[in-house]
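Single-structure report; data block below.
What follows draws every value from the coordinates through simple rules; no lab data is involved. Keep in mind it's a predicted model, so treat the numbers as computed, not measured. In this analysis, Cβ positions are derived from the backbone assuming ideal geometry, glycine residues included, and neighbour counts consider all displayed protein chains.
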Amino acid sequence: MGVILDICRYLEATSISVGIRESTWTYPIIESVHVLSLTLFMGLLLLWDLRLLGVSMRGFAVSRIWARLFPWIGVGAVLMIASGLLLFWSDPVRFYGNVFFRIKFIGLVLALLNALAFHFGIERRLPDWDTALVPPRAARFAGGASLLLWTLIIVAGRFVAYNWFKPLV
Amino acid sequence: MMQLAFVWLEHSWLGIAVNESKWAFAALEAGHLLSLAMLGGAVLLVDLRILGWGLKEEPIRKLARAAQPWLIAGLAGMIVTGVPLLASLAGSKYYGNEAFRLKMYFLAAALLFTFTIRQRFALREGSPVGALQAKMIAVTSVLLWSGVGIMGRGIGFY
């Protein structure tokens, strides 16, 4: 994977990367945005996943909740991605070599696939079971998978800060 | 007096247990973040609604009732993970940490506000939405909880 490492080294030498690394306040501010956006993105998504499992907000029509929650989860996602990319940019080689960062990345890819499966399948059929007592099996599966994957991503994300293991690169 | 209590906490079995483990502090931090998501989601769901955003077709009262167990669960998770985190460095780090002190002030204010004024408003029948009073309640709630979060993140940088 020499190409990825080369890209990381190139990014590390850019002025934006150096700027974030060397400034006293930029990194803490970006990190705070990343953590606080978690409430908007993960908090609302969590409640939605629990709704898909039939655990939270029972009696609320799923098609309507999703239509209203999605824009806010989307805003949260944009904030998470923008701040996350900047954090990565500040120290790309270290992140690339961190085992927890790789686990987080794999989790993100799987969560994205789960979201796509939701979008092209379950999302279209939401109006069919709006307030049904027990959500369809596929919906429960998607909600459960999302909960597990995002838990993994958050835990791995927090662990990135620790260097328990030798860097991989 | 307070300093003594913090030093004692760090030398209690809880503080020692966290410090002796290689993984405990990090695992507790991760649990603290997961609980933050749940607490934040439950708070925002209702505050957005009070501001006339988000789930605007649902009655505030119904939504606040549905969010309440998750708010309590998130809060319980924050405390259960937060107390051992505090214990592990109570005397040597947190006692003299300005961000931690401010976080506790914000937390006290946020809890008081959430379970008195905000709760009374959200669970009342036919609360006026969009009125200035309603908006101020939602904005105050978001600001107080944001203060807790920002100061919490600040502890590590102080």
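The residue of segment B:23-55 that is nearest to residue A:50 (Cα to Cα), among those that are more than 7 Å from every other protein chain (Cβ to nearest Cβ) and not in a helix (DSSP H, G or I), is B:53. Please work out which one of (1) facing chain B (nearest Cβ under 9 Å); (2) more than 21 Å from residue B:145 (Cβ to Cβ); (3) among the small types (Gly, Ala, Ser) is the condition residue A:54 fails and give its number. Exception for residue A:54: condition (1).
The number of residues in segment A:8-24 being touching a residue at least 12 places away in the same chain (Cβ under 8 Å) and either more than 9 Å from residue A:90 (Cβ to Cβ) or surrounded by 13 or more Cβ atoms within 10 Å (Cβ to Cβ) (or both) comes to 8.
One line per residue, one yes/no per condition, for (1) closer than 29 Å to residue B:58 by Cα; (2) surrounded by fewer than 16 Cβ atoms within 10 Å (Cβ to Cβ); (3) more than 10 Å from chain B (Cβ to nearest Cβ); (4) touching a helix residue (DSSP H, G or I) at 6+ places or on another chain (Cβ under 8 Å):
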position: A:26; (1), (2), (3), (4): no, yes, yes, yes
position: A:35; (1), (2), (3), (4): yes, no, no, yes
position: A:39; (1), (2), (3), (4): yes, no, no, yes
position: A:48; (1), (2), (3), (4): yes, no, no, yes
position: A:85; (1), (2), (3), (4): no, yes, yes, no
position: A:88; (1), (2), (3), (4): no, no, yes, yes
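Look at residue B:65 and say whether it is more than 9 Å from chain A (Cβ to nearest Cβ) and touching an Asp or Glu at 6+ places or on another chain (Cβ under 7 Å). No, not satisfied. For segment B:19-49, the set of residues classified as surrounded by fewer than 21 Cβ atoms within 10 Å (Cβ to Cβ), small (Gly, Ala, Ser) and free of Cβ contacts under 8 Å to residues at least 40 places away in the same chain consists of B:21, B:26, B:27, B:30, listed by residue number.
Suppose the filter is within 25 Å of residue A:163 (Cα to Cα) and within 14 Å of chain A (Cβ to nearest Cβ); does residue B:17 pass it?
no
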